[in-house]
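Single-structure report; data block below.
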Amino acid sequence: MAGTDRHDAPVDLDGSEGEGGGQILRSALSLSLITGRPFHMRNVRANRQPPGLRPQHLACVRGAEAISGGRSEGAAVGASELRFEPGPVRPGDYVLEVGTAGSTPLLFQCLFYPLALAGGGSLTLRGGTHLPHSPSYHYVVGVWLPVVKAYGLNAALRLVHAGFYPQGAGEFIAEVEPVRDPPGRVELPSRGTLRDIAVGSFVGGLPFGIAERQSKAAVAALRERGIYSHAENRPLPVTHSVGTVTFILAQFENTIAGFTALGKRGLPAEDVGREAAEEVARFMESGGALDEHLGDQILLPAALLAAGKLGASSPGTTRYTAARVTDHLTTHAWLIEHFLPVRVTVEPGGAVEVASIQAPDSSP
């Protein structure tokens with residue numbers, strides 16, 4: 001299914017639209033590989049400082065080229081304009097370097113869907129695994145992956161080494177499976193009753209007592225708000241990277257949510273634990289079924305379902321509520337509608353619907 005689409009007109013994109021960051025490029029690459037449609041992007045990352053392609057975004061371009069034999073023009077650090085022409089995605093085993101401060105989870109999310117649609121394969125990704133402004137490895141495993149499984153998509157992930165900012169030097173391996181039995185619809189209007197809160201506190205290359213201090217502070221901060229939790233402290237394997245992370249997984253009757261706080265030099269361990277707990281509290285005060293990050297990230301599999309790219313599915317509609325309507329969410333919706341015959345409706349209160357605007361295309 002990947003790399004073939006009767007709608008083969010090139011897509012023209014303005015990278016300054018909406019949040020104007022790297023997500024536009026990553027999702028454009030993913031959708032280009034899936035649909036076979038080339039794209040031309042101007043004003044790449046125009047709303048970021050510095051603007052233009054950075055090494056981690058260039059790694060996504062190179063990754064898209066590697067799995068498809070595609071070609072690009074303008075792919076250089078600092079470039080503000082890029083053309084990409086995909087080839088057919090090839091199942092196989094790939095080893096890709098993101099760089100010291102580049103996000104392996106973001107590269108994984110970029111390449112996962114096209115590779116799954118092409119029949120699966122293996123991705124060995126090297127770079128950062130726990131970085132600011134990026135989903136952590138633990139978030140991908142604990143929250144994102146269970147949700148994409150609802151769409152008939154799956155992968156087995158294994159962390160080899162954790163990579164923290166600024167050293168990076170992390171690695172994880174993803175065994176991507178072919179698409180299986182997509183659902184007819186996905187409905188997540190409410191999160192339902194809280195069933196469990198698990199605090200995970202991790203350290204890599206630092207004294208284990210830091211993890212204990214983080215989790216103790218997180219548990220206490222949650223208890224102050226009437227939220228009871230249990231904690232687990234664990235070391236993470238590293239090479240020369242050092243860092244800490246608190247990841248809180250909240251399981252509800254209908255959904256799951258995750259909250260990450262990263263340690264940094266000079267920041268007390270207790271503050272890291274409290275930061276993650278405060279994110280949980282803010283989510284609990286909202287009415288959303290999904291946390292704001294998942295509310296954005298679920299759009300792509302939802303759109304693939306609605307467009308018939310995951311296989312025959314009727315009506316293929318996804319409905320959910322997000323804790324907050326972010327610029328990432330609305331920009332992602334704008335981008336997806338450029339590539340796929342779907343309509344993404346986002347209400348100010350957080351209700352989202354992703355639906356087909358034509359008969360599903362499930363042709364191979």
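The values are calculated or read from the model by the stated rules, or taken from the named source; none is laboratory data. For clarity, every value in this text was computed on a predicted model and none was experimentally measured. Methodologically, a virtual Cβ is constructed for each residue, glycine included, from the backbone with ideal geometry; neighbour enumeration extends over all protein chains shown. Just so you know, the surface numbers come from the protein's heavy atoms only, side chains and all, with ligands and any DNA or RNA stripped out. Shrake-Rupley method; radii C 1.70, N 1.55, O 1.52, S 1.80 Å.
What the table below lists for this structure:
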{"item": "Along each principal axis, Cα extent of segment 49-117, largest first, Å", "result": "35, 24, 16"}
{"item": "Range of Cα positions in the chain per principal axis (Å), largest first", "result": "56, 42, 35"}
{"item": "Accessible surface, per residue, of the chain when the full set of protein chains is kept, probe 1.4 Å, Å²", "result": "40 Å²"}
{"item": "Radius ratio Rg over Rh of segment 191-285, counting only Cα atoms, Kirkwood formula for Rh", "result": "0.99"}
{"item": "Computed log₁₀ I(q)/I(0) - Debye formula, equal Cα scatterers, no solvent, segment 8-88, q 0.13, 0.18, 0.21 Å⁻¹", "result": "-0.32, -0.62, -0.85"}
{"item": "Extension gain, TYR228 back to ARG62 (0.36 nm per residue minus Cα-Cα distance, nm)", "result": "55.3 nm"}
{"item": "Sequence-separation-based contact order of the chain, relative, with Cα cut under 8 Å and 6+ spacing, percent", "result": "14 percent"}
{"item": "Rounded to whole Å, sorted largest first: equivalent-ellipsoid semi-axes of segment 152-218, Cα gyration tensor", "result": "32, 23, 9"}
{"item": "The chain, accessible surface, carbon-and-sulfur percent (1.4 angstrom probe)", "result": "49 percent"}
{"item": "Kirkwood-type radius of segment 91-181, with distances r between different C-alpha atoms, in Å", "result": "12.8 Å"}
{"item": "DSSP-defined antiparallel bridges as percent of all bridges, the chain, nearest 5", "result": "65 percent"}
{"item": "Prolate/oblate/rounded call for segment 257-300, Cα gyration tensor, a/c under 1.5 rounded", "result": "oblate"}
{"item": "Given charges at beta-carbon only (K, R positive; D, E negative), |dipole| of the chain in Debye", "result": "440 debye"}
{"item": "Calculated FRET value between GLU187 and HIS240, using beta carbons and R₀ = 51 Å, to 0.05", "result": "0.65"}
{"item": "Pairwise label distance in nanometres, HIS40 with GLU347, each label 7 Å out on the Cα-Cβ vector", "result": "4.0 nm"}
{"item": "Cα-derived Rg over Rh, computed across segment 287-358 with Rh taken as Kirkwood radius", "result": "0.95"}
{"item": "Helical contribution to [θ] at 222 nm, DSSP H n ≥ 4, -39,500 (n - 2.57), averaged over the chain, rounded to 500", "result": "-9000 deg cm²/dmol"}
{"item": "Cα-only radius of gyration and Dmax that characterise segment 242-324, units Å", "result": "16.6, 53"}
{"item": "Alpha carbon convex hull of segment 225-364, volume per residue in cubic angstrom", "result": "173 Å³"}
{"item": "Segment 28-185 shape via C-alpha gyration tensor axes, a/c threshold 1.5", "result": "oblate"}
